[in-house]
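The values are calculated or read from the model by the stated rules, or taken from the named source; none is laboratory data. Model, not experiment: these values are computed from the prediction. Please note: Cβ atoms are built from the backbone with ideal geometry, for glycine as well, and neighbour counts cover all protein chains shown.
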Amino acid sequence: MLKRNSARAPKASTQPMLYGLMAEFDDPEALLVAAEKTHAAGYQKIEAYSPIPIHGLDEAVGYRGTRLPWVIFAAGLTGAAGMFLFQTWVNVAAYPLNIGGRPLFSWPAFIPATFEGMVLLSAFAAVFGMIAACGLPRPYHPVFNAPNFERASVDRFFLCVEAADPKFELKQTRQFLESLGATAVSTVDN
């Protein structure tokens, strides 16, 4: 017979976990300056949200780029080489047919299919690599809980410092963001 443990597990905390602090700005120049100062102050896990593209914002938040172009290039080379080698094997080794007196290894005829193999594999690498790099599908993100964040696609500019940042301390980070001229600084719960 099984004995039941009478000790109960501790209750889970109903306190929401902190994702970070969100600062709201009125114009793109203020966001760009705030992002540069935040990155220069040593914060690493920061993200900016804007309804329009802002030149230089990706460098200001410390974005370093991705390896996705190299993955796409490698997939394209693999597709081209694979298709060329497949056609060579079919025409030279597996089914050697003398058609119209041409040589068995007639490489100029292989070029269109080789190109198509390159395009096919690089397109698949681009689509699935982009999905993986963006962490999709992601139907929910904590920043959607921030006050006024629905205006990030209309007329407001936001800068978020994540709580996972090594330099993040709630009180000091809030004071720092307020000193940058933010119209509002709010906490973002997970």
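Restricting attention to region 44-80, the residues that are free of Cβ contacts under 8 Å to residues at least 12 places away in the same chain and surrounded by 14 or more Cβ atoms within 10 Å (Cβ to Cβ) total 1.
Within region 40-64, the set of residues being part of a helix (DSSP H, G or I) and more than 19 Å from the chain's Cα centre (by Cα) comprises Ala40 only. One residue is enough: does region 81-90 have a residue meeting the conditions among the hydroxyl-bearing types (Ser, Thr, Tyr) and surrounded by fewer than 13 Cβ atoms within 10 Å (Cβ to Cβ)? No, that holds for no residue.
If I filter region 117-150 down to residues being touching a residue at least 24 places away in the same chain (Cβ under 8 Å) and out of contact with any helix residue (DSSP H, G or I) (no Cβ under 9 Å at 6 or more places or on another chain), which single residue comes out as surrounded by the most Cβ atoms within 10 Å (Cβ to Cβ)? Of everything passing the filter in region 117-150, Pro142 is surrounded by the most Cβ atoms within 10 Å (Cβ to Cβ).
I'd like to check something: does region 107-118 contain any residue that is part of a loop (DSSP other than H, G, I, E, B), modelled with pLDDT under 95 and either in the same structural domain as Gln44 (by TED's automatic domain parsing) or closer than 30 Å to Phe73 by Cα (or both)? Within region 107-118 (the criterion being part of a loop (DSSP other than H, G, I, E, B), modelled with pLDDT under 95 and either in the same structural domain as Gln44 (by TED's automatic domain parsing) or closer than 30 Å to Phe73 by Cα (or both)), the answer is no, since none of the residues qualifies.
Of the residues examined, Ala75 is not one that is in contact with a Leu (Cβ under 6 Å, 6 or more places away or on another chain), in the same structural domain as Lys167 (by TED's automatic domain parsing), under 25 Å from Ala126 (Cα atoms) and at pLDDT 95 or above. Selection of region 133-190 for residues being modelled with pLDDT under 90 and within 10 Å of Gly20 (Cβ to Cβ) yields only Asn190. Residues that are over 30 Å from Asn148 (Cα atoms) and touching a residue at least 60 places away in the same chain (Cβ under 8 Å) are absent from region 87-102. State all residues of region 170-190 that are among the β-branched types (Val, Ile, Thr) and assigned to a helix (DSSP H, G or I); if no residue qualifies, say none. Hit for region 170-190 is Thr173, nothing else.
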